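Inspection log for the structure reproduced underneath, given as structure tokens.
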Amino acid sequence: MINSIRSVFTSLLILVATMIVLPFQYLLNLLKLEYSSRFPILYHKLILNLLNIKINTRGQLMDRPGLIVSNHGSWVDIFLLGSLGELSFIAKVEVSKWPFISLMAKLQKTIFVNRKRPNQLKSIIGEINKRLHNEKIVLFPEGTSSNGNLVLPFKSSLFGIYNTGKNIKNYNTIQPVSIAYTKLNGLPMDRASRPIIAWYGDMNLTSHLWGIIKSGPIDVEVTFHEPINFLETVSRKEIAFKCEAKVRSGMIDSLYERNIAQE
């Protein structure tokens, strides 16, 4: 009973905080104030605190513009990465139509991609190229979220930004990032319990959020690998393969090798 009351209270706090933040962020964007890119960090940290999610980081987020590529297991990944730096995101176009969430995504200058319309890819790549001059942009190359126990094969289409034939020497940097959900209530997560935090398939978002709120403290490890500089002569498939290998090795290390060492 007490846990249910606490969960309802947490849900209300998240709703109230979001309703306060959205118009404030809209105003910051409208006035084009410098703080508009830093304010979301505070919001993401607040949500993680309310959800009782603790982040352990390895390595550091790069201090220059570039593309950040990460595995993707849950909508929580957005809050995790968003709490660690001034970032924008690339998301599937369906997100732009989700009630409420679409507004949050647009206020953080999300780039929406319609994978069912390859003819639009060139313009999307152009927009990403333009913004990479000054921004760090997150791409989830798996194209969908997983069950949190593995890294799906990376799709290479958007890595085409590095094969445009243009001079991109100032922003041809990619930083692979591994996200691993490691503990629940202080105990190592196993394959069966990890879907509590992972959101994939046809899971209902509202019931999944409620499940996380009720679950108890969650630990997650975020590994920032060393940034990689790619030459324009490297194919997008080679880039995707190398980044996928880095992300997968970091996730395996967090989920298995480090947990075994702690036992």
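Read the figures in this text as sums done on the coordinates, not as results from a lab. Just so it is clear, the structure is predicted and the values come from calculations on it, not from any experiment. Here the Cβ is made from the backbone with ideal geometry for all residues, glycine too, and neighbour counts use every protein chain on show.
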> What helices in the chain pass both tests, a Cα length along the helix axis of 30 Å or more and a mean Kyte hydropathy of -1.0 or higher, using whole DSSP H runs?
Replying inline: 2-30
> So what's the back-of-envelope 222 nm ellipticity for the chain, counting only DSSP H runs of four-plus at -39500 (n - 2.57) apiece and dividing by all residues, rounded to 500?
Replying inline: -12000 deg cm²/dmol
> Between 98, 210, 75, which gets the highest mean-square fluctuation from a Gaussian network model of the chain, Cα cutoff 10 Å?
Replying inline: 98
> GNM on the chain, C-alpha springs below 10 Å: top fluctuator among 181, 35, 200?
Replying inline: 35
>> Need the full-extension length gain, residue 7 to residue 86, defined as separation in residues times 0.36 nm minus the C-alpha distance. One decimal, nm.
In response: 25.5 nm
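On a full-extension model of 0.36 nm per residue, what is the gain between residue 249 and residue 103, subtracting their alpha-carbon distance, rounded to one decimal in nm?
Gain in length upon complete extension: 49.1 nm.
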> Can you list the GluC sites (Glu not before Pro) in the stretch 191-260 that are in a DSSP coil and have 14 or fewer other beta carbons within 10 angstrom?
Replying inline: 232
> So, in Å, what gap is there between the alpha-carbon centers of the stretch 64-82 and the stretch 1-61?
Replying inline: 16
> Among 132, 48, 12, whose mean-square fluctuation peaks in a Gaussian network model of the chain (Cα, cutoff 10 Å)?
Replying inline: 12
> Rounded, prolate or oblate: which one fits the chain, using the alpha carbon gyration tensor with axes a ≥ b ≥ c (rounded when a/c is under 1.5, else prolate when a/b beats b/c, else oblate)?
Replying inline: oblate
> Restricting to the chain, what percent of DSSP beta bridges are antiparallel, rounded to 5?
Replying inline: 35
> Semi-axes, largest first, in whole Å: what does sqrt of 5 times each Cα gyration tensor eigenvalue give for the stretch 1-157?
Replying inline: 26, 20, 16
> For the modelled label position 7 Å from the Cα of residue 207 along Cα-to-Cβ, which residues of the stretch 94-115 have backbone nitrogen atoms closer than 18 Å?
Replying inline: none
